[in-house]
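Nothing in this text is a laboratory measurement; each read-out follows from the coordinates by a stated rule. Because the structure is a prediction, the values reported are computed rather than measured. Cβ placement follows ideal geometry from the backbone for every residue including glycine, while neighbour counts extend to all protein chains displayed.
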Amino acid sequence: MAEDKSKKNQKGNYDASNITALEGLEAVRKRPGMYIGSTDEKGLHHLVYEVIDNSIDEHLAGYCDEIVTTIHKDNSLTVKDDGRGIPVGMHQKLQKSALEVVMTVLHAGGKFDKDTYKVSGGLHGVGVSCVNALSAELTATVHRDGKIHQQTYIRGKASTPVELKGETDITGTFVTFYPDDEIFETLEFRFETLAKRLRELSYLNKGLKLLLHDERTDRSETYFSEGGLSEFVQYLDEAKTPLIEKPIHVTGKKENVEVEVAMQYNTSYSENLHAYVNNINTRDGGTHVSGFKRAVNRIFTKYGEENGFFKKLKFKISGEDFREGLTAVVSVKVPEPQFKGQTKGELGNSEVTAIVSQCVGEALSHYLEENPKDSKRIIDKVIIAATARHAARQAREMVQRKNVLTGGGLPGKLSDCTSKDPGESEIFLVEGDSAGGTAKQGRDRQFQAIMPLRGKILNVEKALEHKIYENEEIKNMFLALGVSIEEKDDERHLNIEKLRYHKIIIMCDADVDGSHIVTLILTFFFRYMKPLIENGYIYIATPPLYLVKKGKNSVYCWSEEERQSAIDTYVKGGASEGSIKVQRYKGLGEMNADQLWETTMDPEERKLRRVQIDDFNESDRVFAMLMGDEVPPRRAFIEENARYANVDV
Ligand code: 0RA
């Protein structure tokens, strides 16, 4: 990270390394976003990951078994580890204790420890000094060499010397910090957010015990995985039916790159690949993922051909066929990772492709030779996948060719808008013809298109792909949106170049049936049009639940609280309870066109919810649970999430 050289040192009597140190942390406070991504809730939680990652480095070096994270009542947070403890001796060049250097110099974390490269790291891998810079106060307590040493910092600067606090027979580092309210928009840690990351870290670092305690609610969880990635894959596939007895687990190391992979085939039709570099999720894949795919293609093709399994096939098997119903986690530890792409979510190191491909290839060929029954099952599934994909390709091409023949005609049911500018155009996908009619009357036709969806939407989680292209509603969605599925480089992609609307708004009744239909439509978008979600084009409309009326006045309400407060306001204004009428809207159909416009469609007044995926692991699990066929986990899942109420996809 570039240091800010433009700042003049006012006292003029520091040596060069001191100046760098001071200016380094000032740069972090000046542009926190550059170091931790943002200063919202996400950034706040990155502080915690950053501290924990330093402890994980101790674990990776072989010295730490347990990390305890505690959220305190005053919104401070403590991370304790049982590692070696940050060294406290004098740093010769900087004439400060090593502890102070680690805490106050940008990137100083691993400098004393050349044997183990630093592999962990938060999203930005910036080190604990950034956390210090962004904390109103931070205290580091080190148990080392039989003594307890402690130092406190305010906004990144030491406010006490390193003090001797007593004797000890343990080792470890405890860091307690108060995120700075001058920096962060919110100071409130979320148990669920931290729990998710700790669970993930426990799978990625088998044998490491991670505890989370929330003193505000006295809630505690412990995360520990003996099986590591294999257990991770089983967790991801909880709602799916496995095809082979247990996941295939691969470990290997070449040229200082550590490779670990677990893969399991299930009876579903979706591919579910997750990849990590130094414990960081790479959502856009990269060279490690290419290496994995290459190995799977190569080894299964070879195995299938050598055993004559593909003889009867009249078409080529594509890479995707080998990965249908495959859930896999690929984790690599790379000494100097290079991240690419807009969100730095893609590994760029080119040497990693061959390394992963070799490690996975060797292990996989070995597995196939040793487990002929499982291998046959997988190959049979691949052949079914290839056959289905061939049928789907034909069905899709037929639909897409027909579209071209009819001049790319739009579906008859679509009431299009006048504007041809996708940036300003919206399409409402409306449940039912009658609500569709009301929406058509109520809309601003300049930029709002209406498409009614009739009857039951297909549950794509359970349907074979070619069935999808036979479904009228789904065909109409492709047509109306102007998107198409194309095959390139042996993989399918959604082409959204001709997308006709940048707001795609799902509008359903505000009841249980309505929310079920929203989920069905979202499942379809998630499985077949994910780029639309990733680009932030999918929204959910929120019609009001109540109209509270008093004479000529009326207020729309979106919740129980709003309803009660509307009633209270009328009563305070002198109205009798009897003169207040509450109308409960059960469906869109109970509103007339004007009401629907004012409450749900008018950009000035409506409240749209944008559909976001911030956790791809969870999203796949959620859709498989809600829409798949394993009922018991679904019940447990709904109960669990009803309690904590955040199915936020
Ligand atoms: C520098 C050098 C060594 C360990 C650490 C830093 C260290 C940092 C953190 C941050 C949180 N927990 C930590 N534990 C250790 C190596 C120490 C040695 O060689 O003994």
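Using mean Cβ contacts within 10 Å as the protection proxy, how do 597-605, 272-280, 491-499 order, highest first?
Numbers: 597-605: 16.2, 272-280: 22.7, 491-499: 14.0.
Listed from highest to lowest mean packing, they are 272-280, 597-605, 491-499.
Counting other C-beta atoms within 10 Å, which of R219, R155, R323 has the fewest, and how do the rest follow? Write down the numbers at each step before the final one.
On the way: R219 12, R155 18, R323 24.
Ordered by Cβ neighbours within 10 Å, fewest first: R219, R155, R323.
Between N266 and residues 5 or more places away or on another chain, which pairs have amide H atoms under 5 Å apart, with H built 1.01 Å from N, and which residues are they?
L243, L326, T327
Using unit Cβ charges (K, R positive; D, E negative) and no other charged atoms, how large, in debye to the nearest 20, is the dipole of segment 455-539 about its Cα centre?
Working: 11 positive and 15 negative charges, 35 e Å.
Using Cβ point charges on Lys, Arg, Asp and Glu, segment 455-539 gives about 160 debye.
Taking the Cα centre of segment 389-463 as origin and charging only Cβ (+1 Lys, Arg; -1 Asp, Glu), how large is the dipole, in debye to the nearest 20? Intermediate values should be presented prior to the final figure.
On the way: 13 positive and 9 negative charges, 100 e Å.
Once rounded to the nearest 20, the dipole reads 480 debye.
Could you work out the Rg to Rh ratio of segment 439-485, with Rh taken as the Kirkwood radius (inverse of the mean 1/r over all Cα pairs)? Working shown, then result.
On the way: Rg = 13.2 Å, Rh = 12.4 Å.
Over the Cα atoms of segment 439-485, Rg/Rh equals 1.06.
Once amide H atoms are placed 1.01 Å from N in the peptide plane, what residues at a sequence separation of 5 or more from K165, or on another chain, have their amide H within under 5 Å of its amide H?
Here the answer is I148, H149, Q150, since their amide H atoms fall under 5 Å of that of K165.
Placing +1 at every Lys and Arg Cβ and -1 at every Asp and Glu Cβ, with all other atoms neutral, what dipole size does the chain have around its Cα centre, in debye to the nearest 20?
Values: 88 positive and 101 negative charges, 320 e Å.
So the dipole magnitude of the chain works out to roughly 1540 debye.
Among K420/K607; K254/K314; K42/K498; K456/K503, which pairs are too far apart, with a Cα-Cα distance over 29 Å? Mind dumping the intermediate values first?
Values: K420/K607 24 Å; K254/K314 39 Å; K42/K498 33 Å; K456/K503 23 Å.
From K420/K607; K254/K314; K42/K498; K456/K503, over 29 Å: K254/K314; K42/K498.
Please list, in order along segment 325-342, the HN-Hα scalar couplings obtained from phi with the Karplus expression 6.51 cos²θ - 1.76 cosθ + 1.60 (θ = phi - 60°), rounded to whole Hz, x for Gly and Pro.
Values per residue, Gly and Pro as x: x, 9, 10, 9, 10, 10, 10, 10, 10, 10, x, 10, x, 10, 9, 10, x, 4 Hz.
Could you work out how far helix 191-204 tilts from the main Cα principal axis of the chain, as a 0 to 90 degree angle to the nearest 10?
Approximately 70 degrees, to the nearest ten.
What is the antiparallel percent of DSSP beta bridges lying wholly in the chain, to the nearest 5?
Values: 76 of 103 bridges.
Once the DSSP bridges in the chain are tallied, antiparallel ones form about 75 percent.
Taking H as built 1.01 Å from N, whose amide H comes closer than 5 Å to the amide H of L273, not counting residues under 5 places away?
A328
I'd like the FRET efficiency for E472 and K312, computed as 1/(1 + (r/R0)^6) with the beta carbon distance as r and R0 of 41 Å, rounded to 0.05.
It comes to 0.75.
List the pairs from K253/K312; K93/K344; K206/K293 whose alpha-carbon separation is above 27 Å, in the order I gave them. Before the final figure, lay out the partial values.
Details: K253/K312 39 Å; K93/K344 34 Å; K206/K293 24 Å.
With Cα atoms farther than 27 Å apart: K253/K312; K93/K344.
Kindly put R197, R294 in sequence by how many other C-beta atoms sit within 10 Å of each C-beta, fewest to most.
Final ranking by Cβ density, sparse to dense: R294, R197.
Determine, for K549, K488, the number of other Cβ atoms within 10 Å of each Cβ, and report the residues in order from fewest to most.
Details: K549 16, K488 8.
Least to most surrounded, the residues fall as K488, K549.
Using only Cα atoms, what is the ratio of the radius of gyration of the chain to 2.2 N^0.38 Å?
Values: Rg = 28.5 Å, N = 649, 2.2 N^0.38 = 25.8 Å.
The value comes to 1.10.
Cβ neighbours within 10 Å, averaged per peptide: list 308-316, 356-364 in order, most packed at the top.
Working: 308-316: 10.8, 356-364: 22.0.
Per-residue mean Cβ counts within 10 Å order the peptides as 356-364, 308-316.
Using the Cα centre of the chain as origin and beta-carbon charges of +1 (Lys, Arg) and -1 (Asp, Glu), tell me which of S415, V233, Y556 is placed farthest towards the positive end of the dipole.
Value: S415.
Can you give the extra length, in nm with one decimal, that the chain gains between E497 and K196 once fully stretched, where that is 0.36 nm per residue apart less the Cα-Cα distance?
Result: 104.8 nm gained on full extension.
Sort 616-625, 240-249 by packing, meaning the average of other beta carbons within 10 Å per residue, with the highest value first.
On the way: 616-625: 20.3, 240-249: 17.2.
Ranked from most to least packed, the peptides come out as 616-625, 240-249.
Please compute the net charge surrounding Q400, taking Lys and Arg as +1 and Asp and Glu as -1 over other residues with Cβ under 11 Å from its Cβ. Intermediate values should be presented prior to the final figure.
Values: positive: R393, R396, R401, K402, K475; negative: E397, E486.
Net of charged neighbours comes to +3.
What are the ³J(HN,Hα) couplings of segment 241-253, residue after residue, when phi is run through the Karplus curve with 6.51, -1.76, 1.60 and θ = phi - 60°? Round to Hz, x for glycine and proline.
So the J values, rounded to whole Hz, are 9, x, 9, 10, 4, 9, x, 7, 10, 10, 10, x, 8.
Which is farthest toward the positive dipole end of the chain among L481, Y367, H149, measuring Cα position about the Cα centre, with Cβ charges +1 (Lys, Arg) and -1 (Asp, Glu)?
Checked the options; the winner is L481.
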